[in-house]
Each structure stands twice: as C-alpha cells, then as structure tokens.
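Below is one structure, written out as structure tokens, with a few remarks after it.
All of the numbers you see were taken from the coordinates with simple rules; none came from a lab. Nothing here was measured: the structure is a model prediction, and the numbers come from that model. A quick note on method: Cβ atoms are made from the backbone with ideal geometry, for glycine too, and the neighbour counts reach across all protein chains shown.
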Amino acid sequence: MKGSEALRSYHAPVWDEPIVLELGREGERGVIQPEVEEEIRRDVGDARSHIPAEMRRKSPPKLPELSQAQVLRHYLRLSQQTLGMEFDIDMGVGTCTMKYSPKVNEELAGRISEVHPLQDEDTIQGILEIVYKFGSVFLRQISGMDEFSFQPGGGSAAAYNNACMIGKYHEVNGELEGRNEIITTIFSHPCDAACPATAGFKLVTLYPEEDKGLPSVEALKAAVSEHTAGLFVTNPEDTGIFNPEIDEWTKIVHEAGGLCSYDQANANAILGITRARDAGFDMCFFNLHKTFSSPHGSSGPGCGAVGVTKELAPFLPVPVVVYAGGKYHLDYNRPHTIGKVRGFVGNVQVVLRSYAWAMSMGAEGLREVAEVSVINNNYLEKKLLAIPGVTKPYKSRRVDQIRYSLEKLRDETGVGIDDVNRRVVDFGVQSYFTSHHPWIVPEPFTPEPCETYSKADIDYWAEVLRHVCQEAYKDPERVKGAPHNSTVSKIDSAPLDDPERWAMTWRAYKRKRGDVRR
Amino acid sequence: MSDRKFVHPYIPNSVPGVKAEMLKEIGVHDAEELYAEMIPERLRLRGSMDLPRPFPAEHDLKKHVEAVLSKNVTCGEYLSFLGAGCWQHFVPAVCDEVARRSEFLTAYAGGAYSDLGRFQAFFEFQSLMGELVGMDVSGQPTYDWGSSAGNAIRMAARMTGRGEVLVPRIISPDRLSIIENFCQPSSTPGHIDIRFLGFDPETGTIDIEDLKDKASSKTAAVYFENPSYIGVVENNGEEISEIAHENGAESIVGVDPISLGVLRPPAEYGADIVCGEVQPLGMHMHCGGGLGGFIASRDEERYVGEYPLRLISVTDTSREGEYGFGQCRFDRTSYIGRDQAKDYVGTATALWAIVAAVYLSLMGPKGMKEVGEAIVQKSHYAAKRLSEIDGVEVPFSGFFKEFPVNFNGTEKTVSAINKSLLKRRIFGGKDLTLEFPVLGRSALYCVTEVHSKEDIERLSKALKEAVK
C-alpha cells in the first residue's frame, strides 16, 4: 500500500526461509578441512586412539549437511531480512547512537585479524600504539581522565568493571563491609543498577521530580550515608535531560565517602562541551560502538572504554597499555588491580576503528559531531511535537535525544507505542526504542538523531510518524493489524513464556511440537 | 562556533546553509545557545581540545593508520604456536562474507518485525550449539569463556542457594580472574567461595579423591573443563558429575566446542550447564577481539529462569506455517529487572554468534569430526617430534590441541627459548613457568588443523637449535 505522498512504497524481503537444520541432504559438504599429510596419519595412527575410550563421541552432532552456495544463500537471505543501520534512517533507536561506521575503518580493522594477543610485545607495537593513543590522547582530552582500560566488551561490562573497582577500593580501605550501597537514578541505563548488584552492592534508586524530570539534590542528600559506596549515573540521562547540578551530586557522594562512576553512553552531543573529570567523577566509560562509530554488530562485539583518575589507576584491570622507554608495553603491575573482567586486552579491533574515526575528526570535527547532534535533536523535536498524539513529558531543553510519549494518542485512539512500532516498519524505518523498564514515561519512544542523519532524513522519519499517528485517528485497526509490509506477520508472544511451548533450540522445538512442520 | 565552514563527509548537516535553516526552525542562533540553556558555565570546557591534526581525507587516514599497523607482525607472517584461550583456526571465506554483511554488521536493537533474519540466525546459533553439546537450551553469547563460566557458576549458586564452587587448580589464570570477580568480594552477601581441586600428576586430570573430600552440602557446583587449560582431556567426567549430583550440586562443564566432533558431548557425562568459547568456530583472533562465550543447559524452568542472557525462542505467527521469534522470559534480564535481575546483560558478541552459526552449517557433522581428528593427529604428531629433542619432554598424553612442553632437561628458560624462536620468525608456546611452577619450565604449545607437517618440522628444527 502506498502511504501519503512523501512516503516511499516499501516492502521488506520475504524469503519464508526454513531453519538451517531443515535444509540440505546427507553427504553434502560446505567446506573441506586442511589436509592431514599421509606421514602424519601413518606416524600417529587413528585420531581416536589418542582419545580416552569413554570420551569419544559416539554419534555425530545433528548439524545440517549443506553445500557452500546453499549455506551462503541461506545466511544472505537472513541478512536481507534484517534492517541494518546502513539500510534505513535508524534514528529511532535512541540511547544507542546509531551512527555511520565508515567503511574504510572496516578495511583497517581487518589488518589485525591474524594477530594473537600473546605475541611478543615487540611484534604488536602497532596495535598497542593505537590503543594507547586512543586512550591517552583522545579519551583523555574528551573526559579529563588520566588512564584507560579497553578490556570490558560493552557498556554494561564497563559498568560492571567500575563496580568491581569501587568494591576493591573500599576493600583496600577496609570499608567494603559497611559501604555496600550504590546510588543510581531510574533514568540511568539499567546496567547502572544491575552491574553494581552483580558485583555485590545494594541499590538505592532515585526517582525524578514531576516537573524537572530529574531527582532533586535533597533526594540525593537523603540517600547518602556511611553505607554509600558510590554513584552510578548517566548524564544526559536517557530522557536527554542534562543534570546541571551534577558537580553538586559528586561532591555530596564524595563527602559521604563514596566514589562516582559516569556512564557516558549518551556522550555523543557533549564531546568537547563538558567533561567527566570537571563534573567531579572518579571514573567513566564510553561505548565505542555508539559514540565512536564502531559498528554495533547486531549487539557486539563492542567496547566499554573505561577512564579513571590517577588515584584509581592502581585498581584498573590488567594489563594496561602503557608507554615507557620508547616502546609500548602491557603493564601488569597494578597493586590493587581487580584482575580481569575479560580475556586479554579487550576488543582491540573496536578500539582501532574508534581511533581511525576520531583521527578523521580531530578536535574541530568532534565538536561538530556534538553540535550537529544537539541541533538535529532540537529540530526533530519541532517536527514531532507538531504531530497529533505526541507529547514531551518534562519541559526542559534536551541534549542528544528526547523521551516522548504517545499516551495521548493511545487515550484518544486506542493505538499505543507497540502498535506504532509494528506499523513504522512498513515504511522502511527501524522500529523505535521505547524505554528501559519501568516505563516512567507512558507509551514511550526515544529517537536519537545523531550527526549521521541529514535534514531530509529527519524530515522523512518525522513524516512516517505523522502518517502513522494520523492513521491511528482515521483507521486505528490498520495500525493495530500491522505490520503489513514486513518480513513476518503478527508474532504470537504467548509461547515465549510457556515452558511447554518455548523452544530455544530446534531439537527442543521438534520435541515439543512434533516433527518438522513443512 | 556554528559559523565555521567545516563540512565533513560523515556529517551531512555540517553544511552551513542547512544548519542555518534548522537553527531558524528551532528559533536559536547557534548550538551554543542550546547548550547554554542546559549546561551551566562552570561545567563547560572552554577552548579547544588538544588533539592531533586530523585526516579528514580517507586516503590520508588510511596511509596514517596503515603506517602504525605496519609495526605489527601477524600469525600469517610468522609461524605461531600460541593458544591459551585464543586460537588460530581455519576461517572459511563464507564466514567472513557474512560477518561483513552490512545488515548484520550494523544492526543493533531492532525488533523481530524489522530484524527477523537476525533473530532467526540467533535461534540457529542456539540450535547448532545445542546439537554440539547435547543440550536443549542455549542463549545469546557472552563476552568470552570466562564470563560464561562466571555466569554459569552464579546460576548454580542461585539454583542451589549455596555459596561454594569447586574448580580445577589447573585453569587459565585469566579465566580464573574473571570468575573470581563474578564470585564477588568475600565481605559481600552474595559471595561465592572458590575451592580448588588438585590434579593427578601422571595424567593432568582432576584428582577424584580430592573432589570427594571437598564436595559437600555447601557445594553449589563443580566446574571443570574439557579439554583443560593445558589441553588435557578429562576422562572422568561421568564420575565428577555423579559426585556433584550426590552432593546436590550442579555439574558445569566448560568446553572448547571445536573438540566436539570427536569428544563426547558434556550432556552425556552428566553436565547440567555447559559453557565455553566460540572463537574457534569461525572467528579470527583479532588480537583477542575474536572471543565470545556461550551457555547451554537442560530445558527446565529452574535453569531457564536463572539465565542472565537473552534467550531467543521460536514461536508462531498469525500466518500458518510461518516462524516468528521473540525473547523467552525477558523479565529475567537486567533490561527489565535492573538490580533485581539475574546478574547483568548487555552488548556482548552477537555478530560472533551469527558467524558461528555459519561455521557450523558449513562444517556439518563430517566437518566437525574431521577438524577434531586433524587437530588430534597434528598436535600429537608435533608432541612426538618435540619430545624427540634432547631435554625436551611432553609430560601428558591424551590431550586435544594444546599440550605443555617441558624444558627442565635443558639449560634454557622458556623466555630465552621463545626469544630464540622469534628470531626464526616463530611464536613459541605460552610461558607457563610463573603461572604453574609445579609444571617446571614449561610452555603451552597449540597445534591446530592449520599447521602443516612442514610447519611442525620447522618448529622442531628451530627448537632443537634454541635449546642448545
């Protein structure tokens, strides 16, 4: 169906593709293994003779048997049924900074694919230099922090890393038993609550004031005590609201004896504008797969780049990449190290891409990234608030993104955000990020129009939402019955939570539902 | 500052005229005016960041980065026998092709209506891993083997309400350190006590008597690996699991899945939870960036309910015969439960799950059997050649892919030997001397299907000279 004049006619690919385990015929081969030379075979004999009898596999795993072109075709079809960022105006997925990942950086990242992390330091000077400089030059200027680790494999992993460091800090000071509480805010990412909890802390969560959308300083003062181990917050929060009293917050927590960790997942529009160190934080982390352009990879591999003050550098996970005597080294000498949160140095190919991106920008370019992002966001706001049914809870100006509400639309039409989310994909845009839980803002959605998107992109995206909202008033059933132009029809979610019917593997599916369905 | 004439190819609205139009619509003069409304002056960074001159031209950038990277040596240029948690295996070109696909590479958090293919690929990853390890449930990948072991141990602790885990003394120190963090500091309420199991000096396998002594009603789980950190195949898996079960504990087995075409699936020797590393299944080493972990278990509510990970389930749709996909019991995860959730979950290594699914589909049952056999034959051939060198000993038999090589019979330290090999463009095995003094002057050698007979002869010859 054709939308309003401005909207394009779109239909997602529909391959009706079977599960890979339904494909192929016995005997087909996708790939041949490297040769085992005859001399080796003769010399060592049957491989089975070297495996203890009770440990030999008796029946082969029931993997599919497919030729190479058929495997490739299957996965290319699945890829076509995935709306990657590069195919659409992907600004609906807020808090995730869906920016362009330059192609040249993929080429460069490929240059370290055959490097082993335990090679002699002299043979990995190139990648160590890049890791070191990305931290000690770029992130130091951006955050004001002194030393950096790239070991955590994502943002949550970095929050967890920081929670472990705070634990270790209080343990070294003999205070961990008493200092067992971490304070966070409900509009900070859930990892800022979950990761300290996994590291052994109790959480105190602050809720926003009705008018401001931020918790008050008084609420924080009431929350701190001799039990306070630290503070974990995002700023701007997931609402896009920047806490202007953040330096007062860190001061209050410091006076109570706690440390402050800054989740900089939402840093894109404040690069070169305001710094973690100047707001009084002891540590922070950046999601390199968000702000620094490394591709999201369908959800990793990413990198949570951790920055700390000099005082906390002894607690960093090992090894830390350092520069001394004209060479780069892997430094394991950190007296209070938390040890490791991930193997080796981390996802250094992600750091390499981020370095290349930052080197293409420079100071002026990074500042431009921030400024254009804040302009894009405020421009989009003008467009969206003109659409019937869309409201913006809390009055204030926003930085990188805004958490809007479709509560009015739902009350007036019965069409809520979940319906809208199924309908927008009919126009070739990615479904929206709603909100983390709980939904403090009812029927939420959170677009983040970062610097990648042109004015025309933003206009189109807003036009899609206008069309769907207008449709909700005119023909609500059309929206509720969506999607109409997608890969798949309406999905039944009931089996997902039912032990009798859920199936995380094909073998479980066959067991529960009987044999193959087609 | 928005009057600057800086136009960057990655920033369409850096065009001054466009920016001016947008600012006019917003009703402000420049970005500065917006920031001034939100961020107090005292928190503002004034002046420019002190950064190197950029390379906005792609050609110049590439030249610059390539010049820096040229200081690296790769395992394609030198001959490598390094493993110890990251291994050099054959990566089929189709794996790289799919890994580079724009759709998978740049997708992130969309739903099944826009990203059905991604959800199906994850379900297939879970399904293929399930076939390999013999389990009915698996989830989205974790960061690496260490974090999957840490998550599995915490699952077991919650399931049993107990606070002690038994792990082998011979374990990767990196992995152990990751597990220790997952087990929390001793003064915190959720702390899990780690107790170590000794090993049989003859075989390198777990000392069963020690396990019997230590397993008790306090034990949440017995965690062991196949193959172990030093490559030894643990042949008492069944007995270890039985002892765990007799004490009401869970049996957790960590595996290198590339072994599972020839080694018995852990479910067959009593494992309740299986975890391990997916890097061997089609991922390049990426200087350690190729790691990704997995967890699998029985299909019972008590296991499913404790997973911290996203679990993708197949389901029905409103069209007969069509597959839909969604998240099973998503309220378990920290995205919903915050601090009340089962541990934490976040962006981990989803792209590697897709690549692993491609790898296993290409390999099939025959490919997995052949690669397992090739690794056994080549690594045992290498061990035989090396142990023929005077003063060099391979203490354990019955290993898979990796084996310690002991140099106590020579005058040389491992470090000196490796320096000497390096001069001959060979990366020798990882030095175990400080990690496990009990093994003497040893190095952990890794031989996979990619090593040819010629490579092994070259190592043997170089080592002969190096130990002199």
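Brief remarks on what is shown
- Stokes-Einstein D in µm²/s, Kirkwood radius over Cα pairs - segment A:325-396 at 20 °C with 1.002 mPa s viscosity: 124 µm²/s
- Between the exposed loop cleavage positions of chain B, defined as GluC sites (Glu not before Pro) in a non-H, G, I, E, B DSSP state with at most 14 neighbouring beta-carbon atoms within 10 angstrom, the longest gap is B:78-201.
- Calculated P(r) tail over 28 Å for segment B:49-196, as whole % of Cα pairs: 50 percent
- Taking only the C-alpha atoms of segment A:106-360, Rg followed by Dmax gives 17.8, 58 Å.
- Pairs of C-alpha atoms in segment B:93-359 farther apart than 22 Å represent 54 percent of all such pairs.
- Taken about its Cα centre, the protein assembly as shown carries a charge dipole of about 1240 debye when Lys and Arg each add +1 at the Cβ and Asp and Glu each add -1 at the Cβ.
- In whole percents, the pair-distance distribution calculated for segment A:276-357 from its alpha-carbon pairs, binned every 5 Å from zero, is 3, 13, 20, 22, 22, 15, 5, 0, 0.
- Each part reduced to its alpha carbon centroid, segment B:194-272 and segment B:363-410 end up 22 Å apart.
- All Cα pairs of chain B, percent lying beyond 39 Å: 35 percent
- Residue order, fewest to most surrounding Cβ atoms within 10 angstrom, among B:Ile153, B:Ile194, B:Ile354: B:Ile194, B:Ile153, B:Ile354
- A helix-only calculation puts the protein assembly as shown at -10500 deg cm²/dmol for mean residue ellipticity at 222 nm, using -39500 (n - 2.57) for each DSSP H run of at least four residues, averaged over all residues.
- With Cα atoms, 0 to 90° folded angle of helix B:145-160 axis to chain B main axis: 80 degrees
- Cα coordinate range in segment B:31-70, projected on the principal axes (Å, largest first): 46, 17, 13
- Put simply, the convex hull of the Cα atoms in the protein assembly as shown casts, on average, a shadow of 36.7 nm².
- Listed by Cβ neighbour count within 10 Å, with the fewest neighbours leading, B:His64, A:His116, B:His284 appear as B:His64, B:His284, A:His116.
- Over the C-alpha trace of segment A:1-150, radius of gyration and Dmax come out as 24.9, 74 angstrom.
- For segment A:435-449, backbone phi angles converted through the Karplus equation (6.51, -1.76, 1.60; θ = phi - 60°) give residue-by-residue couplings of 5, 6, 8, x, 7, 5, 8, x, 6, x, 8, 9, x, 10, x Hz, Gly and Pro being listed as x.
- Radius of gyration and Dmax over the Cα atoms of segment B:255-411, both given in Å: 20.6, 73
- Loop-exposed GluC sites (Glu not before Pro) per DSSP, neighbour cap 14 Cβ within 10 angstrom, longest uninterrupted part of chain A: A:227-499
- The C-alpha atoms of chain B define a longest principal axis, and helix B:16-26 lies at about 80 degrees to it.
- Charged-residue dipole, Cβ positions (Lys, Arg, Asp, Glu), chain B about Cα centre, Debye nearest 20: 1560 debye
- When each of A:Lys395/A:Lys480; A:Lys383/A:Lys455; A:Lys58/B:Lys369 is checked by Cα-Cα distance, pairs over 19 Å: A:Lys395/A:Lys480
- In segment A:247-296, Rg over Rh equals 1.06, where Rg is the alpha-carbon radius of gyration and Rh the Kirkwood radius from pairwise Cα distances.
- Trypsin sites (Lys or Arg not before Pro) lying in DSSP loop within segment B:1-102, provided at most 14 other Cβ fall within 10 Å: B:Arg4, B:Lys5, B:Arg46
- Cα-based radius of gyration of segment B:304-395 once divided by 2.2 N^0.38 Å, which approximates compact folds: 1.82
- Debye intensity ratio I(q)/I(0), log10, chain A, q values 0.07, 0.12 Å⁻¹ (C-alpha model): -0.48, -1.23
- Looking at segment A:321-406, the trypsin sites (Lys or Arg not before Pro) that sit in a DSSP loop and have at most 10 other Cβ atoms within 10 Å of their own Cβ are A:Lys395.
- 5 angstrom amide H check on A:Asp331, placed H, neighbours 5+ away: A:Val320, A:Val321, A:Val322
- Residue order, fewest to most surrounding Cβ atoms within 10 angstrom, among B:Ile252, B:Ile39: B:Ile39, B:Ile252
- Shown here: segment A:362-449, whose C-alpha atoms stretch 48, 31, 27 Å along the first, second and third principal axes, sorted largest to smallest.
- Rounded to the nearest 20, the size of the Cβ-charge dipole of chain A about its Cα centre is 1200 debye, with Lys and Arg at +1 and Asp and Glu at -1.
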